[in-house]
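Here the structure comes first, spelled out in structure tokens, and everything after it is commentary.
The values are calculated or read from the model by the stated rules, or taken from the named source; none is laboratory data. Keep in mind that this is a model prediction, so the values were computed, not measured. Here the Cβ is made from the backbone with ideal geometry for all residues, glycine too, and neighbour counts use every protein chain on show. All accessible areas refer to the heavy atoms of the entire protein, side chains included, with ligands and DNA or RNA removed. Shrake-Rupley method; radii C 1.70, N 1.55, O 1.52, S 1.80 Å.
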Amino acid sequence: MKLAVLCPHFAPDTAPTGEVITRIVLELAELGHELHVVTALPWYLHHRVERGWQGKAVRVERTEWGSITRVNPFPTDKRSIARRASAFIGFSALSGMCGLRGGRVDGVLAMSPPLTLGATGWGVHVARRGPLVFNVQDVFPDAAIELGAVTNTHLIRVARGLEKASYRAADAITVLSEDMRLNVVGKLGAARESKVRIIPNFVDAEVIAPVDRLTAYRAELGIGDELVVMYAGNVGLSQSLDLLIAAARELVDDPNVVFVVNGGGSNLDVIKASARNLPNVRFCPYQPRARIAEVLGTADVHLVPLRAGLARSSVPSKMYSILAAGRPILASVDSGTEVERVVRQAEAGLAVQPDSPALFIAALRELLANGESRARMGESGRGWVTRWMSPAAVAAAYEALFCELSPSP
């Protein structure tokens, strides 16, 4: 098959969704398919186009399996919804113009967010006559509304309209969990329920494998044999890292526990200010992809904290990486959602109600108190993820879906 792929990030960009789509593309290429990717110039890490990639609005690379076209993402202040919306529109329009070239394809895969790539995917689908699969990583604008980041009623109506139009225009919609499937079906209507399919994100359990907890990364951070409680990932409005700060404040007199925030994002300065007088909290930037197993293995407990309401529209991909690293999870999420189900089914940690410091701290104390239990949870989580979440299985699911939508004559 010949496939067109539209996505906001692709290697060497470091965004989690970029890592996901990069591996899916490479796995599909291994299956013998030709792929043409349209994406952004690398920009995620510092929220600006990276050095070495500046100077051109469009760059085209030829690969042994097809091509990669990278366009300017028009990076701007993430805290300004209006500016972000304008940037998404500009990026999606430029992507669309580049995606129209190349003749007929057997399928179009468009990734959201940004939601505007739904319209771009539809345009490429019409021009190049391949069925459109709309991959939803986060249900937008639900998450932004829950957070209060979008309050303008006119903007909400426009986003809702674009969301519904994107769902209807797609031949199939892929989501990460049953919660997200029910969310999308509720907006699409029961008559179109069969269009919505669950294909989870993968984790590469060969690259992310358990390592000894006394890593070189610990030494770089000035940490020895202390118990490390880590949050690794985007520091934004969706993550209730105030729980981490509350726990650090509660345990500030315990010399055997250190809290680490590994990552960055729009809310980082706020969290740093909250931790200003807490000597047991360390902040460190994203590390190179090659160090992911070492970074994750540095922790004794990993945190997956989502604000109330968000776990029904989002599934953090880092959860699967943590499981592959063989470390237990403390999740603060809505009950009955995918994150809680995975943690409980995999017996890989504890899950508590969101935004409750008392419950969160009690669960964290329980995990920190029992090393044998943590080891058992880590081993169980890794076993679960290696059985169900391989890159090859996820790519095969997309291959099967495109074959179903565009059967050979």
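Estimated at 0.36 nm per residue, the fully extended path between Ala369 and Ile198 surpasses their Cα-Cα distance by 57.8 nm.
Between the helical axis of 391-405 and the dominant principal axis of the chain, each derived from Cα atoms, what acute angle in degrees is found, rounded to the nearest 10? So the helix axis and the longest Cα principal axis differ by about 30 degrees.
Label zone (Trp388, point 7 Å along Cα-to-C-beta; backbone nitrogen cut-off 12 Å) within segment 306-345: 320, 338-345.
The residues of segment 93-132 expose, per residue, 37 Å² of accessible area to a 1.4 Å probe. For segment 227-243, no residue has its backbone nitrogen under 14 Å from a point 7 Å from the Cα of Glu379, taken along Cα to Cβ.
Over segment 120-198, what relative contact order in percent results from Cα pairs under 8 Å that are six or more residues apart?
34
Just want to confirm a number: the relative contact order over the chain, from Cα pairs under 8 angstrom separated by 6+ residues, in percent. For the chain, the relative contact order is 14 percent. Ignoring any ligand, DNA or RNA, what whole percent of the accessible area of the chain comes from carbon and sulfur when the probe is 1.4 angstrom? The value for the chain is 54 percent carbon and sulfur by accessible area. In this simple spin-label approximation, Arg104 and Leu155 carry label points 7 Å from Cα along the Cα→Cβ vector, and these lie 4.3 nm apart. Partner aspartates and glutamates whose Cα lies under 13 Å from the Cα of Lys195, excluding those fewer than 8 positions away in the same chain, are identified as Asp171, Glu404.
DSSP finds beta bridges in the chain, and of those with both partners inside it, around 15 percent are antiparallel. Quick one: helix 117-128 against the long Cα principal axis of the chain, what's the angle to the nearest 10°, folded into 0 to 90? Taking Cα atoms only, the helix is inclined about 30 degrees. On C-alpha positions alone, give me the angle between the axis of helix 371-388 and the longest principal axis of the chain, in degrees, nearest 10. Here the helix axis deviates by roughly 10 degrees. Size descriptor for the chain, Kirkwood hydrodynamic radius: 21.9 Å (Cα pairs only, one decimal). With 32 Å as the limit, the listed pairs Lys272/Lys318; Lys164/Lys272; Lys56/Lys272 have Lys164/Lys272; Lys56/Lys272 beyond it between alpha carbons.
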